[in-house]
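The values are calculated or read from the model by the stated rules, or taken from the named source; none is laboratory data. Treat the numbers as computed from the prediction; the structure is a model and nothing was measured. Positions of Cβ are generated from backbone atoms using ideal geometry, with glycine treated the same way; all protein chains shown enter the neighbour counts. What goes into the accessible areas is simple: the full protein's heavy atoms, side chains included, and nothing from ligands, DNA or RNA. Shrake-Rupley method; radii C 1.70, N 1.55, O 1.52, S 1.80 Å.
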Amino acid sequence: MLKLLLSALKFGAVGLLGMAIDFFFTWLCKEKLKINKFIANAIGFSMAVINNYILNRIWTFSSKNPQIFEQFLYFLGISSIGLALNSSFLYLFHNKFKLNFYFSKLLAIAIVFLWNFSANLLFTFNNGK
């Protein structure tokens, strides 16, 4: 149980770094390079996913799976589902339940964290278990 908790904490730390990377590259592309905001957002998301995959593979889950590309595709798929879930929960909490936008975003992040961690633990980094 302690190992699972430690993995969840590491996963969360990687996620926080990923969020910073996402915001930085989105800002850089949108504000400095004058790229369309939706394309800039996609670039930021993509950079964060790549970073998070690498750090989670090496640090959080210590994966030795030689199928790196296949494993990355699982991670990308789970991350994409997480993004869709996050947007859906944000819409639900803010627009339907009329909760504060940032509180709604916090709730959405907490719920999606559970999805991302569990799905990656079970499917991406299960090491054949």
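A simple spin-label model places pseudo-atoms 7 Å from Cα toward Cβ; at Met1 and Leu92 they are separated by 2.9 nm.
Note on the range 1-76: Kirkwood radius taken over Cα pairs, Stokes-Einstein applied at 37 °C and 0.692 mPa s, translational D equal to 246 µm² s⁻¹.
Here the chain has 73 percent of its accessible surface on carbon and sulfur atoms, given a 1.4 Å probe and all protein chains in place. For the range 62-119, the equivalent ellipsoid built from the Cα gyration tensor has semi-axes of 30, 10, 6 Å, listed from largest to smallest.
To the nearest 10 degrees, how steep is helix 101-119 against the longest Cα principal axis of the chain, on a 0 to 90 scale? The angle comes out at about 20 degrees.
For the range 17-129, divide the Cα radius of gyration by the Kirkwood radius and give the resulting Rg/Rh value with two decimals.
1.02
A full extension of the chain between Ile111 and Lys10 corresponds to an added length of 34.7 nm, given 0.36 nm per residue minus the alpha carbon distance.
Taking only protein heavy atoms into account and a 1.4 Å probe, give the accessible area per residue of the range 13-129 in Å².
Working: 7510 Å² over 117 residues.
Per-residue accessible area for the range 13-129 comes out at 64 Å².
If I fit a long axis through the Cα atoms of helix 37-55 and take the longest principal axis of the Cα atoms of the chain, what angle between them do I get, 0 to 90°, rounded to 10? Tilt of helix 37-55: around 20 degrees.
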